[in-house]
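Quick notes on the structure that follows.
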Amino acid sequence: MSLADDLAAFLGPGRVKTDPLERHVYARDGGLRTGPVEVIVHPRTTAEVVEIVRTARNHGSPVVARGAGTGLASGAVPTGPAVLVVLTRMDEIHEVDEASRTAWVGPGLINLELSQHIAPLGLHYAPDPSSQSICTIGGNVATNAGGPHCLADGTTVAHVLGIELVTVDGEVVMLGGAAPDPIGLDLRGVVVGSEGTVGVVTRVLVRLTEDAPATRTLLLAFGDTADAAATVSDTVAAGVIPAALEMMDRVMVGLIENWIHAGFPTDAAGVLLAELAGHPAAVEAEAEMLSNIAKANGALSARLAADADEAARWWKGRKGAFGAVAQRAPDYYLHDTVVPRSRLVDILGRVHEIAERHDLEVMNVFHAGDGNLHPLMPFDAAEPGTLERVQAAADEIVTASVEAGGTLSGEHGIGLEKRDLMSLVFSPVDLDAQARLREAFDPVGLFNPDKVLPAGSRCFDYGRPAPAQ
Amino acid sequence: MTTETIGRRFHHLEVEANERMPECQLVLAPTTAEEAAAVLDAAAEHGLPVLFWGNGSHQGFGHRVETAIVISTERMNRIIEWSPADLTVVAEAGVRIGDLALRLLEENQTAVLPEAPVEATVGGVIASGQSGWGRLRYGPIRDRMLEVVLATGDGRVVRGGAPVVKNVTGYDLPRLATGSFGSLGLISRVALKLWPVGERAATVTVEAADRALAIAYRPLAVIEENGTARVYLTGTSAEVETQTAELSGTAVDGLDWPHPLAGETVLVVRVPAGLTGAATERVPSSWSYQAAFGVGEVRLAGPSEPAADLLATLRDWTATVGGAAVVERAPEALYEKVDPWGEPGPSLELQRRVKAAFDPLGICNPGRLPGKL
Ligand SMILES: Cc1cc2nc3c(=O)[nH]c(=O)nc-3n(C[C@H](O)[C@H](O)[C@H](O)COP(=O)(O)OP(=O)(O)OC[C@H]3O[C@@H](n4cnc5c(N)ncnc54)[C@H](O)[C@@H]3O)c2cc1C
């Protein structure tokens with residue numbers, strides 16, 4: 001029997017999709033590449049995922065997990081015929097424990113829906129990627145997703161306490177749990193950020209965060225992006241960690257204003273959007289301190305949001321940034337490098353210089369407080385030669401970030417996009433160790449093969465046979 | 001015989017054993033990860049077990065390890081790079097946590113490592129997954145781990161992560177190494193994320209820990225010690241003053257942390273945070289305890305005599321609510337009577353394979369982990 005028939009035997013024929021239109025739709029995620037999808041399944045339970053994994057393995061077909069497909073590293077795009085396991089139907093909120101501030105959720109749950117569900121309890125789920133209204137918790141776990149509010153609260157990995165994982169043998173293992181510090185090797189961290197290469201995540205125990213009793217949202221405008229970057233460094237150095245500290249440059253602000261009318265100053269070279277969240281007695285003082293630091297760095301203006309509506313409008317503008325880029329060009333290349341925060345000024349200069357040299361436009365909207373850059377280059381792939389220029393500039397930007405003491409990806413992951421750049425930051429021995437770790441979970445290369453680690457990473461065999469007793 | 005060969009080859013690294021170390025034939029103190037890897041390579045060649053030693057403060061966790069060689073981190077004790085503007089520090093494993101804390105305080109920063117014992121080493125607290133009291137606010141120690149350099153059981157030097165505060169570039173070795181109890185290799189160097197220290201701090205004694213936890217906004221810690229509940233606050237002066245008033249307790253300036261538990265035997269109960277109070281109710285009246293509310297950890301200290309029975313009773317309960325009761329410190333005899341960890345849990349086979357990926361011959365702290373991994 002064919003793979004699709006075997007899958008249909010337990011899922012029912014209606015739930016195994018092989019028609020060309022469907023396969024075309026699922027051939028791409030939020031990244032730039034497409035790949036061959038053979039069969040698409042939408043499991044509803046862990047038991048179904050187990051059967052799918054076993055069946056795919058019997059047929060020698062790789063398994064690629066997919067959430068909402070908003071990933072930007074082509075992590076959910078198969079490189080060869082594969083079973084695409086779409087987890088969006090496993091979107092239950094199984095259990096909320098208010099006393100312990102945790103919740104068990106399905107991997108297909110939309111990030112924002114979790115926060116909406118628990119809002120009446122005065123709680124929220126802290127990681128808030130700009131895509132939070134469409135991306136899934138499972139996808140967030142697999143990419144260790146970040147978001148503006150991860151500056152003070154940490155990325156996804158700091159909010160995942162337990163994981164139910166379907167392994168290569170079709171077994172269900174539970175990693176971690178609600179109690180602190182699980183005994184034995186802590187494998188949760190290996191799964192978070194593993195981009196679907198170690199198994200399928202079928203349930204997640206997340207940590208819930210108490211809402212801040214007070215917030216102040218500030219909009220700071222600068223005549224020079226270097227002044228904005230200096231404000232970021234000075235703020236952190238002064239011992240203030242805002243809940244969020246985001247930066248946008250003039251081009252980006254212009255596009256956002258055209259599209260969303262967030263109320264950003266379009267004449268500034270750089271805008272910082274900052275949120276201070278905490279005890280009412282603290283946020284007042286911190287907002288003032290941040291304004292003063294901005295003014296000392298030559299800010300053109302420092303405005304406090306008049307009310308919650310204005311703050312919400314500003315955030316809508318910030319989170320809609322990538323959408324706004326579509327006005328400029330049909331395609332864009334988005335980076336996700338990280339540098340030490342103190343190097344922001346240098347690196348922004350380098351990015352502009354590189355783009356200019358390759359005759360490309362570049363705009364910036366990024367998590368400045370974390371040093372997580374998102375230079376974005378709009379282009380039209382239909383124009384001959386453009387993609388090559390974009391790729392060349394992209395590689396130079398990554399190299400410059402690494403030279404500044406940084407790394408390849410802060411929150412989007414490696415997937416296929418940055419896989420072959422891994423040797424910029426890791427030695428062959430480092431990559432071999434990562435390959436072995438992956439092999440410990442998946443010795444047969446079933447899960448999302450060809451992602452994250454470049455070909456040939458598993459290149460050493462240092463293990464010696466045990467000496468005769 | 002083989003240990004002698006290694007002893008001759010690494011004579012320049014040899015140091016005196018201290019009396020707290022387990023019995024062994026050779027103690028070596030490498031100065032770099034590369035030197036440590038060379039020792040491990042030789043030990044692997046001869047199939048000799050190796051135990052890693054920082055200050056010995058946390059060697060009470062886990063199964064007893066029989067070893068031929070001890071690798072001490074006493075000569076790997078430099079703070080390599082500290083960038084206050086980036087809130088990151090790179091330190092070698094043998095740096096004492098007390099020294100690091102004092103150094104970072106010069107710029108009002110903290111790595112939120114355990115406060116005591118000050119002689120414990122950075123590598124040791126990471127390997128044993130020990131967090132500072134401030135974990136209620138800043139999360140466990142694993143959330144500080146940005147980068148790790150390991151000398152692995154097969155003699156390699158492996159680096160994972162990067163010294164930046166946000167990262168998803170390859171697999172997260174720094175968090176895997178946290179709490180690994182030396183089972184993968186020697187943690188030689190780490191990059192840690194730092195936090196600014198608030199301008200003001202206070203310790204407020206309150207009526208009830210659970211009520212205080214509901215009132216206070218993001219306190220550093222809420223600790224109940226033998227029936228007395230205290231809330232630890234930091235932040236701006238205005239915030240600390242207002243929060244103190246809101247808690248309506250008795251306040252003193254600064255952070256008056258509990259002293260490390262005295263007692264022959266120390267056990268740790270870990271349960272879902274909401275059950276911290278329920279866990280304290282299971283502490284016998286002759287035992288002393290410190291309970292971290294909002295975290296789900298209760299440490300208790302008492303005489304070794306009834307410890308085995310107590311552990312069994314506690315485990316009956318933690319098994320039903322999801323958690324564990326483990327031995328932190330005890331006379332040797334207790335380890336012969338009880339499993340210091342309890343049931344190893346469902347991912348043991350996977351853990352075995354992960355250990356083998358770094359330590360294929362099983363020479364690094366063999367048998368220490370749950371399931372005698
Ligand atoms: C407009 C826009 C804005 C964005 N903003 C941000 C941002 O601010 N921060 C940020 O971090 N990201 C951002 N992203 C990227 C993306 O939304 C995140 O990477 C998100 O976590 C992906 O979730 P998803 O459900 O779409 O996963 P997918 O794209 O479907 O999958 C992503 C990866 O996870 C794996 N995977 C998915 N589900 C599972 C599972 N259950 N088990 C195992 N593996 C699984 C896939 O194989 C793939 O490798 C943005 C994307 C867009 C389009």
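The values are calculated or read from the model by the stated rules, or taken from the named source; none is laboratory data. Given the structure is predicted, the values throughout are model-derived calculations rather than measurements. Cβ atoms come from the backbone with ideal geometry, glycine included; neighbour counts cover every protein chain shown. In case anyone asks, the SASA skips ligands and DNA or RNA and just uses the protein heavy atoms, side chains included. Shrake-Rupley method; radii C 1.70, N 1.55, O 1.52, S 1.80 Å.
When you go through B:39, B:65, B:70 one by one, which is the residue that is more than 14 Å from every other protein chain (Cβ to nearest Cβ) and assigned to a helix (DSSP H, G or I)?
Answer to the selection: B:39.
Can you pull out the residues in region B:209-238 that are farther than 21 Å from residue B:261 by Cα, touching a residue at least 12 places away in the same chain (Cβ under 8 Å) and either assigned to a strand (DSSP E or B) or not hydroxyl-bearing (Ser, Thr, Tyr) (or both)?
B:210, B:212, B:213, B:215, B:216, B:218, B:219, B:233, B:234, B:235
When residues of region B:135-151 are filtered for being over 16 Å from residue B:167 (Cα atoms), more than 9 Å from chain A (Cβ to nearest Cβ) and of a type in the set (D, E, K, R), how many remain?
Final tally of qualifying residues: 1.
Take the residues in region A:69-89 that are open to solvent by 40 Å² or more (accessible area, probe 1.4 Å) and more than 14 Å from chain B (Cβ to nearest Cβ); name whichever of them is farthest from the ligand (Cβ to nearest atom).
Checking each candidate, the answer is A:81.
Hey, residue A:236 hits all of (1) more than 11 Å from every other protein chain (Cβ to nearest Cβ); (2) at pLDDT below 95 but one; which does it fall short on?
(1)
What is the residue count in region A:270-288 for residues that are among the aliphatic types (A, V, I, L, M), modelled with pLDDT under 95 and either assigned to a strand (DSSP E or B) or surrounded by fewer than 21 Cβ atoms within 10 Å (Cβ to Cβ) (or both)?
1
Tell me, which residue of region A:102-118 that is within 14 Å of another protein chain (Cβ to nearest Cβ) and crowded, with 21+ Cβ neighbours inside 10 Å is nearest to residue A:138 (Cα to Cα)?
A:103
Right, residue A:421: within 8 Å of another protein chain (Cβ to nearest Cβ) and touching a helix residue (DSSP H, G or I) at 6+ places or on another chain (Cβ under 7 Å) or not?
no
Looking at A:223, A:138, A:189, which one is on the phi < 0 side of the Ramachandran plot, open to solvent by 30 Å² or more (accessible area, probe 1.4 Å) and not charged (D, E, K, R)?
Result: A:223 is the single residue among A:223, A:138, A:189 that is on the phi < 0 side of the Ramachandran plot, open to solvent by 30 Å² or more (accessible area, probe 1.4 Å) and not charged (D, E, K, R).
Scanning for something away from chain B (no Cβ under 14 Å), within 16 Å of the chain's Cα centre (by Cα) and open to solvent by 10 Å² or more (accessible area, probe 1.4 Å), does region A:144-158 turn up at least one residue?
Taking every residue of region A:144-158 in turn, none turns out to be away from chain B (no Cβ under 14 Å), within 16 Å of the chain's Cα centre (by Cα) and open to solvent by 10 Å² or more (accessible area, probe 1.4 Å).
Which of the residues that make up region B:34-43 are out of contact with any Pro (no Cβ under 8 Å at 6 or more places or on another chain) and open to solvent by less than 10 Å² (accessible area, probe 1.4 Å)?
Matches in region B:34-43: B:37, B:40, B:42.
Within region B:335-365, restricting attention to residues that are more than 8 Å from chain A (Cβ to nearest Cβ) and part of a loop (DSSP other than H, G, I, E, B), which residue is most open to solvent (accessible area, probe 1.4 Å)?
Residue satisfying both the conditions and the ranking: B:343.
Count, please, the residues in region A:419-431 that happen to be open to solvent by 10 Å² or more (accessible area, probe 1.4 Å) and within 16 Å of the ligand (Cβ to nearest atom).
The number of residues fulfilling the criteria is 1.
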